[in-house]
Structure formats: C-alpha cells, structure tokens
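Participant: Structure below; questions to follow.
The values are calculated or read from the model by the stated rules, or taken from the named source; none is laboratory data. Just so we're clear, the structure is a prediction, and the values are computed from it rather than from any experiment. FYI the Cβ positions are ideal-geometry reconstructions off the backbone, even for glycines, and counts take in every protein chain you see. Heavy atoms of the whole protein, side chains included, go into the accessibility calculation; ligands, DNA and RNA do not. Shrake-Rupley method; radii C 1.70, N 1.55, O 1.52, S 1.80 Å.
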Number of protein chains: 4
Amino acid sequence: MIFASDNWSGAHPAINEAITRESAGMAAAYGESLLDKAVEKRFNEIFERDVAVFFVGTGTAANALAFAAVNRPGGVVLCHREAHVIEDECGAPEFFTHGARMAPVDGPDGKIDPHNLERELARFKPDFVHAGQPMAVTLSQPGEAGTLYSASEIEAIAAITHARGLTLHMDGARFANGLCATNQSPADMTWKKGVDILSFGATKNGCWCAEAVVFFDPKRAEQFRYIRKRGAQLFSKTRFVAAQFSAYLEDGLWLKLAAHANRMADRLRDGLDGSSHARQAWATRSNEVFAVLEHATAERLRAEGAQFYEWNAPHSMHDLTGPGEMLARLVTSWSTQESDVDRFVSLLK
Amino acid sequence: MIFASDNWSGAHPAINEAITRESAGMAAAYGESLLDKAVEKRFNEIFERDVAVFFVGTGTAANALAFAAVNRPGGVVLCHREAHVIEDECGAPEFFTHGARMAPVDGPDGKIDPHNLERELARFKPDFVHAGQPMAVTLSQPGEAGTLYSASEIEAIAAITHARGLTLHMDGARFANGLCATNQSPADMTWKKGVDILSFGATKNGCWCAEAVVFFDPKRAEQFRYIRKRGAQLFSKTRFVAAQFSAYLEDGLWLKLAAHANRMADRLRDGLDGSSHARQAWATRSNEVFAVLEHATAERLRAEGAQFYEWNAPHSMHDLTGPGEMLARLVTSWSTQESDVDRFVSLLK
Amino acid sequence: MIFASDNWSGAHPAINEAITRESAGMAAAYGESLLDKAVEKRFNEIFERDVAVFFVGTGTAANALAFAAVNRPGGVVLCHREAHVIEDECGAPEFFTHGARMAPVDGPDGKIDPHNLERELARFKPDFVHAGQPMAVTLSQPGEAGTLYSASEIEAIAAITHARGLTLHMDGARFANGLCATNQSPADMTWKKGVDILSFGATKNGCWCAEAVVFFDPKRAEQFRYIRKRGAQLFSKTRFVAAQFSAYLEDGLWLKLAAHANRMADRLRDGLDGSSHARQAWATRSNEVFAVLEHATAERLRAEGAQFYEWNAPHSMHDLTGPGEMLARLVTSWSTQESDVDRFVSLLK
Amino acid sequence: MIFASDNWSGAHPAINEAITRESAGMAAAYGESLLDKAVEKRFNEIFERDVAVFFVGTGTAANALAFAAVNRPGGVVLCHREAHVIEDECGAPEFFTHGARMAPVDGPDGKIDPHNLERELARFKPDFVHAGQPMAVTLSQPGEAGTLYSASEIEAIAAITHARGLTLHMDGARFANGLCATNQSPADMTWKKGVDILSFGATKNGCWCAEAVVFFDPKRAEQFRYIRKRGAQLFSKTRFVAAQFSAYLEDGLWLKLAAHANRMADRLRDGLDGSSHARQAWATRSNEVFAVLEHATAERLRAEGAQFYEWNAPHSMHDLTGPGEMLARLVTSWSTQESDVDRFVSLLK
C-alpha cells in the first residue's frame, strides 16, 4: 500500500528490455548515436511538428535549464505559489539562471489565476529596472495539487504571457497522466494552446531516468547544447536515455501506463468518497489524491503498512483540516496494484 | 575497430541484469532505499574507511560539484594545463562554483609538475585579495594523456596542497584503469596518499550512468546533499544508479573490466612499437594510447572502418608531429575485442 | 516640493569638504590608508564593540554581499513580502548568492510577523533537501513602509532566527532615521537585540556614495574581503568613501540630518491629518509618509511642482484606496526645506 | 617618491569642485538627472558617434559587466596571459558571467600575439560542445606591462575576433594615458580599429570613482541597465559620477593629466637608462615603468621613502632578473611631482 510517490516505482519491463538490447556494441557518445537521432525524430511525430528535444537526467534539470535558456538579466519567472519549481527544487531554477526569481502567483486549486497573473505582471514597468523583468510563466500540467488546467485556461495564460513577450513553459513531470486525464493529444495540450517549452517527464511513469526539454520553436534552442553541457546534464552514454524513451513511446506504452495510474487514483477517490473517516481535500484528476484524515486513522493505516506523506502545503492545509486531522497526499503509479488500493480503501471504512 | 572513446561502449550484461532485478516493486526515492544504503556501505569496504559517497549522473557533475563543496570566494583550482576540467567540461566547474578559476599548471606527460605547482601557489599572497585564493588542487588518475602519477608524485602534490590548507581532488573518471595499471588498492591510490575527494567514475568501464563523489572525510560533506540537489543531480529513482554500482563492485567485476581494457591498450602499444607507419607519441599506461600517424595512414585506417579522434591538445601536438602527420588518440574499453585490435595493428604494418 | 526620494538629495557641505580635504597627496589604495583604518575604528566606538566593517558602493551591494557571506547551498532568506531586497534590487541578492531564494513572509505594517516567520520556518525540515535550507532572516529598519520594529519585536524575531541557527540581517538603508525615530543607540537597535549583520546606509542621508556592511562578530567576516572584491565593490580610492563616513559620523552630523528629515515628515503627517483631500494611508515614523490622494488632487499638486511616486505595493494599495484615489509615497530628506513642506500642505487644504 | 600605483593619487581639484557644485538641490536619481544625460551626450562627441554609456563604480565592474553583456553559455574570453582580468580581479569576470573562462593567450611585451590568438581560437570547433565557445577577446590599452598595441595590431586582432563572430573589448583603465602615448583620437584607438566595447577608466587619472562601460553599438546595450542594476553597480546619486566625468572631459583636462603622468614616466625611463644600478626591464610607454633593481638598491630606495611594488608577473620576472635582483613596477600619475622623480633618479646613480 505504497502511495508515497510515483517515483517510488521502479521501471517497466519493456524499459529494461530496451536498455539491455541497446547495450550491445559501440555507439557514438554524447547524443550522436543512431538511436538518439531516431528517438529525437519520434518526438516530432508525437508533437506533430519539428521540435528540438534534449535529454536530461532529472525533472529539476529540465525545468531549471529551460528557464536558463530564456533568461534575461534580473529575470523573473511567474509560477503558482505552490509550484514544484519554487517549493521543491532546492533553488535549482535560481541557481541555473544565475539568480532569476521565482515569483509566486496565487490561484485556487493549485493553479495560476489568470487575473492574478495579469495583476502581478502589471507591476513590472519597462522603465523601472529595480523590479527586474519577467521572462517566463510556468504552469504544471498536472500541478502539484493534482489538478489540471483546462484548454481555455492554458490559452488564457498563454495570451497574457505572449502579450508581454514572455515564454510559456509547462512542467510536464506527469505529462502522460495529464494527457490521459484530459483526453488530449500532446500537441493539443501544448503548442496548440501556446506552450513554448515543455519539460517532458517519463521517469515517474515507468522509466528509470528519462526527462527531456522540448522546444516547440527549435530556433530558440540554438544555445541549449552548451547550456546542457555546462549544466553537467549531457550524459556520455545518452543511448541509455534514448533507449528508455524509445520503448516508452512505442505502441502507446506511456499512455497505457499513465491511464492505469489514473484509474488507480479514481478508485482511491471513490473509496474516499465512500468513507466516513476520510474525505477528499479537493477534487483532483490524474494520479494524485489529497485526503483529509484523522491522525488516528493515519496512524492505523500506517500500522497496516500504508505509506504516504503529509502534505506540506504553504497555506491550504491550515484551512482544510480540522482539529485532529491531517492532510495526506496519495500518489498512484503505473505499478500500483488494484489490490493495494482496495485494501487501503477497506481500511478507511 | 572503434577506438574513439571508452564511452562509446555500452553496458556490461551484469549491469543490465542488476538494473532489471532491482526494478521490481516500490522503493524509497532520492537515495533512501535499502539498496542505496547498502551500496554506500560497500564504498566503505572498498576504501577501508568510512566515506561519504554521493551518486551523480556525469563525471562533469562529479568534478564540478566536488569543487563547489570546497569553494571559497574568489577561489582558484590548480589543475594540469590539459586537464579535463579546464578543457572539456564547457565551463561546468566554473559554473557550479559561481566562477572559480581553473588555473593551468604546466608539467610533462600531462601531469602537474610539483615544482611548477609550488611556484604557482607562491604567487597567491594572503594579503593580496586581487589574485583570489587557491582552494583546491586536482589531478586526474589516469590523466587525459593516458599517464599515471606514481605514489610518490601524489604524495608530493598532496604535501604541497595541504601545506597551503587546500583540498586535493582526484578526477577518477577511469579510476579502475588506474588501479589496474598501478596495481594499487583504492585506499593506496587515494586517501593514504593524501587525496581528500575523489570523482569515482564507473560509466566508461561498463556502467550506463554511474558516477560518485567520495569524501574521505565525511564531515566535509555535510552540505553536499544540498549542493547535489541544487545542482539538479539528485535522481529520484537513485536505485538504478545503486544497482549499477552494486553489480560493478561485486566479485571484482570493475577490476576485471578495467584490466581487459588495459590489456587491449598494451596490445595496441605493442603494435605501434612494431610499426613503421606509426609510433607512440609518448609512453602511456592504462587504456589510452596516443599515436603519431601519417595522414595517409590515418585515412587508410578510417577507410577500413577504424574510428578514432585527432587529439586536440593545446601544445603537445605541435611539437610531436612532423609534416604530414597527425596525433591520434586510441582508447580501449571493457568491450574492445582482441580481434579488432589485431586487425588495426595489422593495418599498420 | 520634491518628495520623490531621499536619494534625490545631493551631499551635505561637510561631506564635500571632507572629500576635498582628503584628496591631497598619495594614500594607500584598496582600503589600506590611514584614514580608512581610522574610520573603521570609529565604527567600533559608535557600536560600542569591535566590529568588522566593509565599505561598498550601493545599498543593494551591502545587502546582497551580506547574504553571500552567510549563504548555504539551496539557501533561503526570509524577508517581508514588500522588502526592498525582494522588490527593488533587480535580483541582486539572488545573483550574488548564486541563487538563494528571497522567501516572502507576511505581516502588517510592512513588518515581518513573528508568528508567520515561525510558521514559514517550520516548513523547512532537516531531512527534506528539496525545500532548500533557510540561512538568514532580514528586516529593514525603518522598512519600505516607513514603519519601525519595536525593540521587543526585533528581539522576538532574533530569538526565532537564532533558535534555527540562522543569521539576522538588518537593512539599514535609513539607519539614522530609525535611530532618531526610536531614540535608541546604534548598539541598542542592533547587536544588543540580536542583529548579526547590518547594512549601514549613509548615502540617502547626506553622503554621495557611502554604504557599509557591519559584522558584529568579526570572525564571520573572514572571507568577506574576497566576497567584496569578487563582487566588484572594492574601490581603489577607498579614502573617498572613508572621508564621507568620517564627516558623517563627526559631531553627530548623521543624527542631526536624520532628525531634520524626520521632523519634515512629521510636518507632512500633521498636514495630512488636517486635510480633507488626503489622508495618511497608515501610521509611519521616520522620513517616509504614505498618503491616499484623489487623482485630481495628485494632478493638482504635480501641476504646482510637487514630485512624488505612486506606490507600487504588491497588495496594500488595492485595499487602502477607494475609487478615484491613489497611494502616494512622500519622502523627506536632510535637505528638505520647511517651506516646501508647508507649501505642499497648504495645497492640500 | 610614491610609485606604488596611480590609484594612490587623490582627486584633482577640478573634480572636487564639480562634485561640490553639483551637490546643491534635488535631482533625479539612478541616472535620470539632467547632468547624467548631458554627460552621456559628451561621450558621443568624444567618440564621434552615438554610443551607449553606463557609469559604474570600479574598473573591475566595468570589465566584468561588459563580459556579462556579451556572454554565451560555456563562454570563453581570450585575453593576454598577464591581463588584469585574469590576474587581478579576484574572479569577478568569472563571477559576473556565471562562470565564463578567461583563457590565457601568450605574447611578448604583455600583448596578445595575433598568431597565438588565431591558433587558440582554432581549437574551438562548432561541433565540440565540451570546449565551450569563445565569446570575446579583450586587450588592455595600455596593458599591465605598460606597453601599447599599435593601430595595426589592434586591427589585426579585431579582424580575427570579428571573423569568428566575437566581441572585441578594450580594457581602458588607463585609456587617457594610452591616447597621449600614441597620439590618437578616442575614435581612432577604438571603434575605428574594431573595438566593440570599452571600459573607460577615469579613476586612476584624477577622479575619485568614475568608470564607464561604452558600447559603440548601442543596440548591444539593450539589456545592460538590468545587468548593471543586478550587479549592484547602479548608484542612486549617479550625478556624483556624472559630475566627475563632466569636469574630467572639460577643456581636455583628462588628456592634460595623462600627458603629465606619461612625461613623469619618461623622466623615470631616462633616469633608468642612465643608471648603473638599475635598468628598464622592457621598453614601456605611457605611465608605467618596469625596472630591474638589485635587492640592495631596492632596500636603499625604500629606506629613503620610495614606495613601489615588486611585480608578481607569472613568467617574465624569472627570466629578466639575475641573482640578487628584483623586478619593480613604477607607476606615475597626474599628481606625481617632478621633484620626486628626480630625487628617485638621483638615488639610482
């Protein structure tokens, strides 16, 4: 009954098989092998356009290097107040951008409110150097709170972002889960709505270590190979990342795995709705569920072997929990077993 | 006949098997799994003392983060003029240290000359803030030129380094090759001679992506977990790195693989010594060989399928090659086949 | 009628005289002159203890370099949401610290609320590397909103700060104005209440360019001379800064000038209280006044020659102003003339 | 008899008068005053074209921020091995550029040898990301060794630099001394020969603290105001810098002061040539002289009150001095008195 995080899962057998298969023989290093090139082309197909794609090792690297690629002196990235980039990356975005500021924007459901974004951007005047200058807006799809932006919400944020000449970045650490939850195509959820750069995560959804930065306008990526190497993210044996992506993107494996994770989360949500000892803290989709539990219930679940984290949200937890209650984050993954979900739910009754 | 680089090799079957085996089930992320902890302990055994070990993704990351860990404002790292950290890491050491300077020191055979090191260090006076302050000395074992420091050379450099209160770092991207070539124990080649921090590389020698920073004084590593995370080098599914190291260090696999690579290089060296169309540029050990070839010979070899790089050394190539000649770097690896070496050698006759 | 900022004022005649006087002859550069040393000692007297003092060129430099001196990897500085370091320094604190995050803390009257500070700090757990680690708390005295911390408020914040092993920094860009407004000694308002490092500003209060970083524990300043030089803040002819401080601190000039500025602000505050076209937005002390004006009134004042800025506060302005109103910041200085204040006030009637 | 450095001199009376005169009344801060704008225009006249000019506080800041303005990821600046930017700025250029590397190029007389520059640049291949990428070449006019590039030497270096798409920067810490020594106009010595950015120093030559970054193509300066503010180099009361430049550039004061310093150096050079106890180490022009002295002579001079530094050059001092000799740097300035020179020379006889 492990709902601690989807990165507690291992790798799917097809991923391991691909890695093993590609291990034979010699191949050019640093992204120059035939496999690397073939997988890069695969991204073009998936996104229905020519993209520039760069493999990196961690989601934090993908986000931080993406910001570095579009940074300006005194740069500011606008993100949701509870975004991973501001809360959970130990300052990597600031570090890799030489000190860009992650500026928190409020909004319900873990999502940037377009009105607040506009108000915050309005505070930057072209002639007021002291405030610095905005350079990007970033949204997570799905977000830290397990929620999803609608197509029109992304469009609204993109319009505001582009009206100011800024870059719209999407943190897609759980990109496949987002696609499945919204039933959209990769193109639909990204560049067709105005997203300029995507952190494409595969690690959480069945790979070992496969993340990519995807530029929808390849021209903007011209300096990125230097940014990646200087950032110590250019693997020598890149074919091991390429191999993972190759299997991940073949025959829709990635979407099947994500759909499973989402279904397991649905089952958890249903269980919570039917429980008198717990409730959903807010409505989520995709593979994250937030539950308000009595401390006693949490202890009982843990005693039975359940693992999950108390959610350390900046503000929300104080409002949503009553006395004696805590806010638990429950994450499912491609490898979550139905029987584990069912046992957890039955313990809630 | 691929002698381009040892990072053109893939992964050894035992490595793939370990990765696949460890992929089952859930395990704590971010270095907290049982496997991670077990492998960390394995490093204690290998080095015959308690060490602090941190897995990272690339050799460049290992070097750059090690320097970041011991940096001082205005810091200077003294390295050989042709060191990887100054020539081949796209400024990553400078980037991760917020601008420390890699100061080149001359010396024959790709090795720091202790006398030159002392003279260079003497130029930094405690009261002269303008020059900055030295903070570390780094040596590569084996070095970029395929040569090795003797035990007494390392001791001499360590004595100079420590007399100034500096840190001695060893770039061990080919650490196992160095051990086999010198017939030393890991402890003997490092902390027993005064090395403080080691970049322990396993990628080139049969792993996919397994590098570690080893602190011989764990107290100096207290801030390193933040340095690694901020540097985007903390993998979520660290067990995939741990699994590689686990197999690599089991039953002496790592030393067997390195010994094979070194033997293949010996065979190449013998072949060059018996050739009238080529010669060793200088005496190397371990798994790198530098050959002076006529351009015509190089073209003929390449036409037959041989792959190798022209060596872009800052100075040496100009002195060692005559008209119509070029300097080739030939690297063997754990997966180099004897038949390839023999065919290459026969083409030189 | 210029109330735009105290940095619109020039320099006091005594400052110019000192600069001119000290311009004769040769003197050691880079802080080594007799005058530099004498002025450094003067700071010991003023603060009633041995301090380490470093002259720099701008208040932004003083703040940013102070943070750099106590930074930790993944470091976080807690400051008020509207603090100068987060709003008005174009990312310099983040830049000089290699990406430390300025974390906003809420609190009324432009001051950190100790309860909020504690709650924010509690979110950093020693075992959760992802959030980074707090390294300092900074408060401005007086703050951007023209308000002042009481002695017990500083003590409360210092207690929380030190209980976590953090550094307490005070941004004293208007330090003298704070002393006069609270009638405290320099020692009383700083280290006796737990302040560890002070940005001591003199530029706004009658100097040209004289700022200092004061470490109340000189041991913590051991690396600072490198930090300052690397940060391009070590002037060659430092005696021109020393000369300014020398005159500034002689015969209480600094306190006389600040007292005058505060008195002019009192006069403005009285005028606002007696006006039917304007009101104080909140109670301030020292030399800043915030006024809610009808737009028409603001236009009328400007037409008569008054100069002041609309205050671009993140949140407060939206709550405090009604329709047709704006929030004006009025700053007085050592050179503000009583007649200008009186004319401004009369125009408000 | 102080020949320690030209930054041991104070400020010329005309500079102090201008500062004092401009101290009256209120003026817009942060570079927006009428005086600031007028002085900026004065630079257009002096350089016979529209330039973008930015005042900063130190020569180190001018150099480091200029590099930051043209930096690329993994960027490399090529400079002479003994350049101030690599030897004497405590890593500020590396710091402000987020880790660009200062790559030393050899050449006699403290000047970059164009052939060596070309050879060094040739080592950077567009497809070899590991080496980083060159982004600028910098030369000092006059250089650290007191020598000057001829017009054709600057043109040759500019041609090589521009052929690679790089920026040519000139460190003009002693720009006026260079103009006087070569009898060139400011335009002739800079943009007409291919210089793109100039660090224009006035501090050493009679100002207190007046340095400027001059972009000969204003379009390249669009982001510089953010770079300067983020770098903590935007003074609030910029009119005090503007006032210095105003007086400095009026009626040719700057050239008169520099000519005096150069003449005093000529007198020193003549004295050395006529001495049997000392000799010029190499031929210099402008206001720096390098003398080989017996240690006993140096001691005798110092006992008589002479002050000068032993020159800590990386290589040259070892070749030029015999046993019992040292290499002294003698610097004259606008305030050096003929009688001091004559007394020094007489002591050498």
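Participant: Say whether the condition of being within 30 Å of C:SER23 (Cα to Cα) and either of a type outside the set (Phe, Trp, Tyr) or modelled with pLDDT of 95 or more (or both) is met by at least one residue in the range C:271-287.
Facilitator: No; the residues of the range C:271-287 include none that is within 30 Å of C:SER23 (Cα to Cα) and either of a type outside the set (Phe, Trp, Tyr) or modelled with pLDDT of 95 or more (or both).
Participant: Spot the failing condition for A:VAL39; the list is (1) away from every other protein chain (no Cβ under 11 Å); (2) over 30 Å from B:ALA14 (Cα atoms), and only one is missed.
Facilitator: (2)
Participant: While we're here: Restrict the check to the range B:29-39 and report whether at least one residue is touching a strand residue (DSSP E or B) at 6+ places or on another chain (Cβ under 9 Å), in the same structural domain as B:PRO142 (by TED's automatic domain parsing) and not hydrophobic (A, V, I, L, M, F, W, C).
Facilitator: yes
Participant: Related question: Tell me the residue from C:ARG220, C:ARG228, C:ARG267, C:ARG263 that is outside any loop (DSSP other than H, G, I, E, B), closer than 18 Å to C:GLY59 by Cα, modelled with pLDDT of 95 or more and open to solvent by 10 Å² or more (accessible area, probe 1.4 Å), please.
Facilitator: None of the others qualify; the one that does is C:ARG228.
Participant: Could you tell me which residue of the range A:235-255 is farthest from the other protein chains (Cβ to nearest Cβ), considering only residues that are assigned to a loop (DSSP other than H, G, I, E, B) and over 21 Å from the mean Cα position of the chain (by Cα)?
Facilitator: A:THR238
Participant: Filter the range C:15-34 for residues that are in a helix (DSSP H, G or I) and open to solvent by 30 Å² or more (accessible area, probe 1.4 Å); which is nearest to the other protein chains (Cβ to nearest Cβ)? Break it down into steps so the answer makes sense when it comes.
Facilitator: Start the filter on the range C:15-34 by keeping residues that are in a helix (DSSP H, G or I), which leaves C:15-22, C:34.
Now restrict to residues that are open to solvent by 30 Å² or more (accessible area, probe 1.4 Å): C:17, C:20-22, C:34.
Numbers: C:GLU17: 8, C:THR20: 4, C:ARG21: 9, C:GLU22: 7, C:LEU34: 13 Å.
Among residues in the range C:15-34 that are in a helix (DSSP H, G or I) and open to solvent by 30 Å² or more (accessible area, probe 1.4 Å), the one nearest to the other protein chains (Cβ to nearest Cβ) is C:THR20.
Participant: Search the range C:235-260 for residues being open to solvent by 10 Å² or more (accessible area, probe 1.4 Å) and polar (S, T, N, Q), and hand back the single one that is nearest to D:ALA92 (Cα to Cα).
Facilitator: This residue is C:SER236.
Participant: Can you confirm whether B:ALA4 is outside the structural domain of B:TYR149 (by TED's automatic domain parsing) and either under 23 Å from the mean Cα position of the chain (by Cα) or crowded, with 23+ Cβ neighbours inside 10 Å (or both)?
Facilitator: So B:ALA4 passes the test.
Participant: Let me ask something else about it. Sort out which residues of the range A:35-50 are part of a helix (DSSP H, G or I) and either among the polar types (S, T, N, Q) or open to solvent by 40 Å² or more (accessible area, probe 1.4 Å) (or both), and write them in order of number.
Facilitator: Just the residues of the range A:35-50 that are part of a helix (DSSP H, G or I), to begin with: A:35-47.
Within the range A:35-50, A:LYS37, A:ALA38, A:GLU40, A:LYS41, A:ARG42, A:ASN44, A:GLU45 qualify.
Participant: Here's another thing I want to ask about it. What pairs come up if the first residue lies in the range C:190-208 and is more than 12 Å from chain D (Cβ to nearest Cβ), the second is of a type in the set (Ser, Thr, Tyr) and in a loop (DSSP other than H, G, I, E, B), and their beta carbons are under 7 Å apart, counting only those six or more places apart or on different chains?
Facilitator: These pairs meet every condition: C:LEU198/C:THR190.
Participant: Return yes when A:LYS111 is touching a helix residue (DSSP H, G or I) at 6+ places or on another chain (Cβ under 9 Å) and not β-branched (Val, Ile, Thr) and no when it is not.
Facilitator: yes
Participant: Report whether or not C:ALA68 is open to solvent by 10 Å² or more (accessible area, probe 1.4 Å), part of a helix (DSSP H, G or I) and within 18 Å of C:TYR226 (Cα to Cα).
Facilitator: Answer is yes for this residue.
Participant: Determine whether the range C:276-292 contains at least one residue that is basic (Lys, Arg) and in the same structural domain as C:ASP342 (by TED's automatic domain parsing).
Facilitator: So far as the range C:276-292 goes, yes, one or more of its residues are basic (Lys, Arg) and in the same structural domain as C:ASP342 (by TED's automatic domain parsing).
Participant: Also: Looking at this structure, is D:GLU288 of a type in the set (Asp, Glu) and closer than 22 Å to D:ALA29 by Cβ?
Facilitator: So D:GLU288 fails the test.
Participant: Next question, about the same structure. Within the bounds of the range B:185-199, is there any residue that is buried (at least 24 other Cβ atoms within 10 Å of the Cβ) and closer than 21 Å to A:THR58 by Cα?
Facilitator: Looking through the range B:185-199, at least one residue is buried (at least 24 other Cβ atoms within 10 Å of the Cβ) and closer than 21 Å to A:THR58 by Cα.
Participant: I need every pair where a residue in the range A:284-307 that is loosely packed, with under 15 Cβ neighbours inside 10 Å has its Cβ under 9 Å from the Cβ of a residue that is in a helix (DSSP H, G or I) and of a type in the set (D, E, K, R), sequence separation at least 6 or different chains.
Facilitator: A:GLU304/A:ARG343; A:GLY305/A:ARG343
Participant: Here's another thing I want to ask about it. Within the range B:118-136, is there a residue that is under 16 Å from the mean Cα position of the chain (by Cα) and either outside any strand (DSSP E or B) or surrounded by 24 or more Cβ atoms within 10 Å (Cβ to Cβ) (or both)?
Facilitator: Checking the range B:118-136: not a single residue is under 16 Å from the mean Cα position of the chain (by Cα) and either outside any strand (DSSP E or B) or surrounded by 24 or more Cβ atoms within 10 Å (Cβ to Cβ) (or both).
Participant: Now a separate question. Would you pick out the residues in the range B:82-97 that are facing chain D (nearest Cβ under 7 Å) and open to solvent by 10 Å² or more (accessible area, probe 1.4 Å)?
Facilitator: If the condition is that a residue be facing chain D (nearest Cβ under 7 Å) and open to solvent by 10 Å² or more (accessible area, probe 1.4 Å), then B:GLU87, B:ASP88, B:GLY91 are the ones that fit.
Participant: Out of the residues in the range D:209-234 that are within 17 Å of the chain's Cα centre (by Cα) and of a type outside the set (Phe, Trp, Tyr), state the one that is farthest from the other protein chains (Cβ to nearest Cβ). Let's see the steps before the verdict.
Facilitator: Kept after step one, since they are within 17 Å of the chain's Cα centre (by Cα), are these residues of the range D:209-234: D:209-215.
If we keep only those that are of a type outside the set (Phe, Trp, Tyr) as well, we get D:209-214.
On the way: D:CYS209: 6, D:ALA210: 10, D:GLU211: 10, D:ALA212: 14, D:VAL213: 12, D:VAL214: 17 Å.
The selected residue is D:VAL214.
Participant: Based on this model, can you work out whether A:ASP171 counts as touching a Ser or Thr at 6+ places or on another chain (Cβ under 6 Å), of a type in the set (Asp, Glu), more than 9 Å from every other protein chain (Cβ to nearest Cβ) and not in a strand (DSSP E or B)?
Facilitator: Taking the combined requirement at face value, the residue does not satisfy it.
Participant: Has the range D:44-67 got at least one residue that is facing chain B (nearest Cβ under 10 Å) and either in contact with a strand residue (DSSP E or B) (Cβ under 6 Å, 6 or more places away or on another chain) or under 20 Å from D:GLU222 (Cβ atoms) (or both)?
Facilitator: Yes, there is a match, as at least one residue in the range D:44-67 is facing chain B (nearest Cβ under 10 Å) and either in contact with a strand residue (DSSP E or B) (Cβ under 6 Å, 6 or more places away or on another chain) or under 20 Å from D:GLU222 (Cβ atoms) (or both).
Participant: Ok, one more. For the list (1) open to solvent by less than 10 Å² (accessible area, probe 1.4 Å); (2) part of a strand (DSSP E or B); (3) facing chain C (nearest Cβ under 9 Å), I need the number of the one condition that A:CYS79 fails.
Facilitator: With respect to (1) open to solvent by less than 10 Å² (accessible area, probe 1.4 Å); (2) part of a strand (DSSP E or B); (3) facing chain C (nearest Cβ under 9 Å), A:CYS79 is out only on (3).
Participant: Answer yes or no as to whether D:SER339 is more than 14 Å from chain B (Cβ to nearest Cβ), open to solvent by 60 Å² or more (accessible area, probe 1.4 Å) and either out of contact with any Gly (no Cβ under 6 Å at 6 or more places or on another chain) or over 27 Å from D:VAL105 (Cα atoms) (or both).
Facilitator: It is true that D:SER339 is more than 14 Å from chain B (Cβ to nearest Cβ), open to solvent by 60 Å² or more (accessible area, probe 1.4 Å) and either out of contact with any Gly (no Cβ under 6 Å at 6 or more places or on another chain) or over 27 Å from D:VAL105 (Cα atoms) (or both).
Participant: I need the full set of residues from the range A:319-337 which are more than 25 Å from the chain's Cα centre (by Cα) and either assigned by TED's automatic domain parsing to the domain that holds A:CYS207 or not small (Gly, Ala, Ser) (or both), in order please.
Facilitator: Scanning the range A:319-337 gives A:ASP319, A:THR321, A:PRO323, A:GLU325.
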